[in-house]
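Engineer: Please read through the structure below; I'll follow up with questions.
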Amino acid sequence: MIVVFGSINIDLVFAVPHIPQSGETVLCPGATMQPGGKGANQAVAAARDGAPVVMVGAVGRDALAEDALALLQQAGTDLTRIARTSAGTACAAVAVDPLGNNAISVGSGANLLVRSAQVEDALLTPATTLVLQMEVDPGETAALIARAKGRVGRIILNLAPAASLPLESLRALDLLVVNETESAWLAEFLGCADTAPALRSALGVEVVRTLGGDGLEAATAAAFLRLPAYQVSVVDTTAAGDCFVGVLAAGLDRGMALTDALQRASAAAALCCTRAGSQQSAPARDETDRFIQSQGGG
């Protein structure tokens with residue numbers, strides 16, 4: 001079972017001719033409204049890949065809440081630990097250019113009221129994979145890591161967006177996932193080289209460093225691994241990293257070796273990039289299976 005502790009948003013997506021610069025207004029034909037948030041995106045991706053998922057988060061008592069939860073519900077995630085709060089449902093403005101690059105601003109709202117106490121002790125078992133990100137209160141994330149250490153099967157943190165956590169929290173993880181921007185920030189914070197092996201040495205945990213079109217590198221106690229990216233025609237990179245984390249967690253949760261889970265997560269993220277949108281772009285399990293087979297995988 002996967003427990004995702006994290007953010008739930010509504011995304012307003014603008015297909016712009018180019019990403020706005022400071023002080024610039026860029027017009028586009030229209031905007032779409034979609035469910036998003038890193039936590040919810042990862043939960044949907046894991047559920048679509050076949051994992052049983054509990055989503056722990058918060059929304060407002062407003063008109064956006066049901067839309068924010070719609071795809072989580074459709075994917076079959078357990079929503080009984082979602083708090084309804086006085087703060088508004090979180091909103092993100094996502095600008096996407098014709099090459100699929102994006103720039104995102106988030107109004108956190110109810111996400112700042114998510115509390116670690118929403119995860120009861122009965123959920124923290126050796127059969128649980130705990131998945132966290134950095135769009136809710138870091139203090140609550142740190143508190144949950146402290147409670148979960150030694151009780152759950154594994155703790156996965158996607159340090160996105162990059163923000164400070166106590167060193168003891170980072171060192172209590174089983175797996176850390178960062179992209180190039182987050183890796184550079186963390187390497188400066190730790191005073192080490194910006195590589196997966198250096199981060200692993202500094203923290204003593206397994207590290208996956210995603211490199212966009214250049215694939216990924218991973219460092220464990222036993223080995224260093226580099227995997228190339230699948231080559232696809234990119235439509236929109238929004239939520240591709242979240243899809244990667246969700247499918248990686250799903251693979252590990254059902255007993256896959258790390259290398260195989262990384263390969264599967266890379267395939268799912270590549271498929272995600274071929275579609276517009278956030279949660280809605282995450283592939284179903286059979287779609288990822290067919291894509292891997294089409295690329296000569298097992």
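Every read-out reported here was derived from the displayed coordinates using simple, explicitly stated rules and does not represent laboratory data. Computed from a predicted structure; not experimentally measured. Virtual Cβ from ideal backbone geometry, glycine too; neighbours counted across all protein chains shown.
Engineer: State which residue is farthest from Ala261 (Cα to Cα) when the search covers only region 61-80 and only residues that are in contact with a Gly (Cβ under 8 Å, 6 or more places away or on another chain) and surrounded by fewer than 23 Cβ atoms within 10 Å (Cβ to Cβ). Full working, then the answer.
Structural biologist: Going residue by residue through region 61-80, those that are in contact with a Gly (Cβ under 8 Å, 6 or more places away or on another chain) are 62, 64, 68.
With the extra rule that they be surrounded by fewer than 23 Cβ atoms within 10 Å (Cβ to Cβ), the set shrinks to 62, 64.
On the way: Asp62: 38, Leu64: 34 Å.
Top of the filtered list is Asp62.
Engineer: Give region 267-298 a look and list any residue that's assigned to a helix (DSSP H, G or I) and surrounded by fewer than 21 Cβ atoms within 10 Å (Cβ to Cβ), or say none. Full working, then the answer.
Structural biologist: First pass over region 267-298, keeping only residues assigned to a helix (DSSP H, G or I): 267-273, 279-281, 285-294.
Matches in region 267-298: Gln280, Arg285, Asp286, Glu287, Asp289, Arg290, Phe291, Ile292, Gln293, Ser294.
Engineer: Being of a type in the set (S, T, N, Q) and closer than 27 Å to Pro35 by Cβ is true for just one of Thr181, Thr195. Which residue is that? Lay out the reasoning, then the answer.
Structural biologist: Numbers: Thr195 fails: closer than 27 Å to Pro35 by Cβ.
Just a single option satisfies the conditions, and that option is Thr181.
Engineer: For a quick check of your reading of the model, give me the residue pairs whose first member lies in region 137-150 and is touching a residue at least 24 places away in the same chain (Cβ under 8 Å) and β-branched (Val, Ile, Thr), whose second is in a helix (DSSP H, G or I) and crowded, with 16+ Cβ neighbours inside 10 Å, with beta-carbon atoms closer than 9 Å and at least 6 apart or on different chains.
Structural biologist: Thr141/Ser116; Thr141/Ser169; Ile145/Ser116; Ile145/Ser169; Ile145/Leu170
Engineer: Then there is this: Return the residues of region 113-143 that are assigned to a helix (DSSP H, G or I), under 16 Å from Arg171 (Cα atoms) and in contact with a Lys or Arg (Cβ under 9 Å, 6 or more places away or on another chain); say none if nothing qualifies.
Structural biologist: Filtering region 113-143 for residues assigned to a helix (DSSP H, G or I) gives 113, 116-118, 121-123, 138-143.
Going one step further and asking which of them are under 16 Å from Arg171 (Cα atoms), we end up with 138-139, 141-143.
Answer for region 113-143, where residues must be assigned to a helix (DSSP H, G or I), under 16 Å from Arg171 (Cα atoms) and in contact with a Lys or Arg (Cβ under 9 Å, 6 or more places away or on another chain): just Ala143.
Engineer: Counting only residues that are under 16 Å from the mean Cα position of the chain (by Cα), part of a loop (DSSP other than H, G, I, E, B) and of a type outside the set (Gly, Ala, Ser), which one in region 151-173 is surrounded by the fewest Cβ atoms within 10 Å (Cβ to Cβ)?
Structural biologist: The extreme case among them is Pro161.
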